[in-house]
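The block underneath contains the structure these notes are about, expressed in structure tokens.
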Amino acid sequence: MSTVSTPGRSKLGWNLVGLLVFVVAGFPVYWMLNTAFKPAKDAIDPDPSLLPTGMTFSNFGRALDIADFWGPVWRSLVVSMTVVVIGIVIGLLAALAISRFAFRGRKIVIVGILAVQMVPLVAMIIPVFLLLNDLNQYDRLSGLIITYLTFVLPFTVWTLRGFIVNIPKELEEAAMVDGCTRTGAFVRVVFPLLAPGMVATSVYAFIQAWNEYLYALMLLSQKNQTATVWLGNFTTKHGTEYAPMMAGATLMAVPIVALFLLVQRKMAAGLTAGAVKG
């Protein structure tokens, strides 16, 4: 009688766990697409079918007709890209200082970065609202950008620190021995090695800013609403239009998917290189 070896059973078990995780994570995406393309009457069927029963593109037309679609999308792109650019620039400088220089209070800064990320965002809504109102930044995209930076920057600094720590200092020292300045050594040696990590961090920062809903709802009026808040237009006093809402959500997912496809190789390299060390 043949028996399955222990390593074989272990591998099969992990494969089943991976399959289960894939199904749990992928089912909401599948259901969004399934609902986006099905007729509106089928979307509210009390006994829905797991498999597509019909296909229509009318939901996308309805989604584009609700309020203003391109305005919120453009504002979301402006906010997200601005947050990414500012966050990467400031985060890179801060991560470089924490990783390469010894200064008084360095450990306190590192602990502070971790502590900030533990604070629930919902707990800061009222203080942020009052502060932005005093600074005359309420209902402005600049105020929303500043707000997003408060939780994107700690993540960016901590992640980039992990990448920088994994780059040996000896490479910079060798470049400086060959005549490079510290800045030149960073630009010619460290920066190319850090590029995949910066891409991975930028994508995650972009996703955080693009998908944020609560602060965009609280800090912006309807005329300045972003794409996530725009989805709320499908819920009215007459009910929720689920099929057009899922079509709108599908359209909102396109920039994220396109960005990921463009940088997937850099993302993979960055993720494998970003194990935190030290």
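The values are calculated or read from the model by the stated rules, or taken from the named source; none is laboratory data. Being a predicted model, the structure only gives us computed values, none of them experimental. Cβ atoms come from the backbone with ideal geometry, glycine included; neighbour counts cover every protein chain shown. For the accessible areas, the whole protein counts, side chains as well, though only heavy atoms, and no ligand, DNA or RNA atoms are used. Shrake-Rupley method; radii C 1.70, N 1.55, O 1.52, S 1.80 Å.
Show me, for the stretch 245-250, the HN-Hα J-couplings you get by feeding each phi into the Karplus relation (A = 6.51, B = -1.76, C = 1.60, θ = phi - 60°), rounded to Hz, glycine and proline as x.
Per-residue couplings from phi come out as 5, 5, 5, x, 5, 5 Hz.
Assuming 0.692 mPa s and 37 °C, estimate D for the stretch 147-224 with Stokes-Einstein, Rh taken as the Kirkwood radius over Cα pairs, in µm²/s.
222
When only Cα pairs under 8 Å and 6 or more residues apart are kept, what is the percent relative contact order across the chain?
This gives 31 percent for the chain.
Once you charge only the Cβ atoms, +1 for Lys and Arg and -1 for Asp and Glu, what is the size of the charge dipole of the chain about its Cα centre, to the nearest 20 debye?
Here the size comes out at about 780 debye.
Enter the angle in degrees (range 0 to 90, nearest 10) between the Cα long axis of helix 70-100 and the first principal axis of the Cα atoms of the chain, meaning the one along which they spread out most.
20
Over the chain, average the accessible area per residue using a 1.4 Å probe and give it in Å², no decimals.
Counting only protein heavy atoms, the per-residue value for the chain is 59 Å².
Just from its helices, what would the mean residue ellipticity at 222 nm be for the chain, if runs of 4 or more DSSP H residues each count -39500 (n - 2.57) and the sum is divided by every residue, rounded to the nearest 500 deg cm²/dmol?
Dividing the helical sum by the residues of the chain leaves -23500 deg cm²/dmol.
When the scattering of the stretch 1-145 is computed by the Debye formula from its Cα atoms alone, each counted once and equally, what is log10 I(q)/I(0) at q = 0.16 Å⁻¹?
Relative scattering, expressed as log10 I(q)/I(0), comes to -1.10.
Which net charge results for the neighbourhood of M32, defined as the other residues with beta-carbon distances under 15 angstrom from its beta-carbon, given Lys and Arg at +1 and Asp and Glu at -1?
-1
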